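Here the structure comes first, spelled out in C-alpha cells, and everything after it is commentary.
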Amino acid sequence: MTLVAVLFYTEQMDTLLLSDDRAAEAGALLKAGQLVVFPTETVYGLGADALNEDACKQIFEAKGRPQDNPLIVHIHDRVQLDLLTVSLPPGADALMQEFWPGPLTLVLPKSSSVGSVVTAGLDTVGIRMPHHPVAREVLRCAGTPVAAPSANRSGKPSPTTYAMACSAMTGRVAAIVDGGDCENGLESTVLGWAQGQIHVSDSCHENPGTGWVILRPGSVTREDLSRVLGPLLLPPVHPANESLTVRSPGTRHPHYRPRSPVALFYHYGDLAEEKLLLYRDWALIGISDSRDPAESAVNPSDRPPEQWSGPVRLYAGWKELAKRLYSDFYEMDNLGVPGILVQIPKEDGGIGEALRNRAGKAAAGRFI
Ligand code: TXA
Ligand code: MG
C-alpha cells in the first residue's frame with residue numbers, strides 16, 4: 001500500500017439494512033455495543049448504548065464529530081430517566097408531561113451512570129423521549145438508554161430520509177433501520193436549565209441568572225414552551241454570550257452545510273434584476289402562498305421569477321419547507337447545482353425560529 005493509500009484508508013464494516021419491523025435485531029445490536037442508525041420523528045439518529053463508553057466513543061469516529069460536542073440520550077420510559085439524572089429543575093416535570101414523548105430534549109443534571117464521553121465532560125446530560133414508533137420499539141428492544149446524535153457526517157445536514165441515512169453511514173455502522181421520511185425534518189428543540197449562568201443584558205426574563213433557556217430552537221416552539229414555563233430566552237447566535245455558548249458546545253461548530261453554497265432571502269421580490277442574473281441557475285427552495293397566516297406571511301402574488309432556470313422546490317408553508325430542507329439539500333448536491341437559495345420567514349415565531357437557525361447556519365449567515 002502506498003503512503004497515500006494508508007493515510008486515506010478507513011475501515012469499512014458490513015452494514016445490515018433492516019426494514020422497520022426488525023427493531024428487535026437493531027435493539028440486540030445496540031445492547032451488544034454496536035452502532036445502529038434508526039429513524040426518529042425529527043431526523044435519523046446514530047445510536048449506541050449510552051451506558052457503554054466504548055460504544056459511545058465509536059459514534060465520534062463514525063461521524064467525525066469533535067469530542068467536545070455532547071450527545072443526546074434517548075430513553076423509552078421514565079425509569080430510564082431516573083437512572084440518568086440526579087434531580088429535576090422546577091418545571092421539568094410539567095415539560096415532560098406536556099411534550100414527551102416528542103421532539104424536546106431537556107438538558108438536566110446528570111447522574112454518575114452517565115459517562116463523560118456522552119456529556120463531553122459537562123455535569124449535565126441532554127435527554128429526549130422520541131415518539132416515532134420505530135424509535136420507541138428499537139429503544140424498548142435495546143433495554144438501555146441510547147446516545148444518538150443526528151446520523152450525518154459532522155458538519156453536514158442531518159439525514160431525514162432512509163437514502164440520506166444510508167449514504168452517510170453505510171460501512172460505518174452495524175445496521176440502519178428504514179423508517180422512511182422523518183415527519184419534522186429538523187432536529188429537536190434543546191432546552192437547558194441555566195443556574196446563575198444567564199448574562200443577557202436586554203433580558204426580558206423574569207428571573208435573570210436562572211431559568212430555562214432554548215439552546216436550539218425546534219418544532220416544539222417558544223410559544224409552546226412558554227405556555228408551560230412563561231417567557232423564555234434564546235441565546236444570541238453570535239458567540240458574544242460566552243456562558244451560553246459553553247453550555248451547548250455543539251452550537252460552536254459549523255453545521256447543516258451541503259456541498260453547494262447556500263444563501264438566504266426573505267421575499268421573491270428580492271430576486272429581481274441583477275440578483276436574477278446572478279442566481280437564476282441556482283436551486284431555489286421556498287414557499288408558495290399559504291392561506292394560513294401563521295404558516296406564511298407571503299403575499300400570494302409574490303412568486304419566484306418566471307425566468308428562473310435552476311430547480312425550484314415550493315412548499316405550502318414553513319412547516320413543509322422545514323420538513324424537506326435537508327433532503328432538498330441532499331438532492332441538490334446530487335444534481336450538482338452551483339448553489340442553493342433558501343427562503344426564510346422574516347417574522348418571529350412558530351417553526352420559523354428553527355428554520356432561520358438551521359438555514360442560517362447552512363448559509364453561514366449569508367443573504368443574497
Ligand atoms: O432531534 C434530535 O435531537 C436528533 C435525534 C437523533 O434525536 N439528535 C440530534 O443530536 O440532533 P445532535 O448531537 O446532532 O445535536 C445535539 C445538540 C448539540 O447541539 C449538543 O451540543 C446539544 O444538543 N447538547 C447535548 N447534550 C448537551 C448538554 N449536556 N448541554 C448542552 N447542550 C447539549
Ligand atoms: Mg447534529
Practice task
Would you calculate the separation in nanometres between label points at D181 and D14, each defined as 7 Å from the Cα along the Cα-to-beta-carbon direction?
Solution key: 3.3 nm
Exercise for the section: Figure the gain on full extension for S226 and D281 (residue separation times 0.36 nm, minus the Cα-Cα span) and round it to one decimal in nm. Expected result: 15.6 nm
Fill in the blank from the handout: FRET efficiency for R78 and T170 from the Cβ-Cβ distance with R0 = 51 Å, rounded to 0.05, comes out at 0.90
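Between T210 and A120, what length comes free when the chain is fully extended (0.36 nm per residue of separation minus the Cα-Cα distance, one decimal in nm)?
Stretched fully, the T210-A120 segment lengthens by 30.1 nm.
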Fill in the blank from the handout: Honestly the stretch 13-125 on the Cα gyration tensor test (a ≥ b ≥ c root eigenvalues; a/c under 1.5 rounded, otherwise a/b vs b/c for prolate or oblate) is just oblate
Exercise for the section: May I ask you to list the aspartates and glutamates whose Cα is less than 18 Å away from that of K63, ignoring any residue fewer than eight positions away on the same chain? Expected result: E11, D14, D49, E53, D54, E187
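Since every read-out is calculated from the coordinates, none of them should be taken as a lab result. Here the structure is a predicted model, which is why all the values come from computation and not from measurement. Virtual Cβ from ideal backbone geometry, glycine too; neighbours counted across all protein chains shown.
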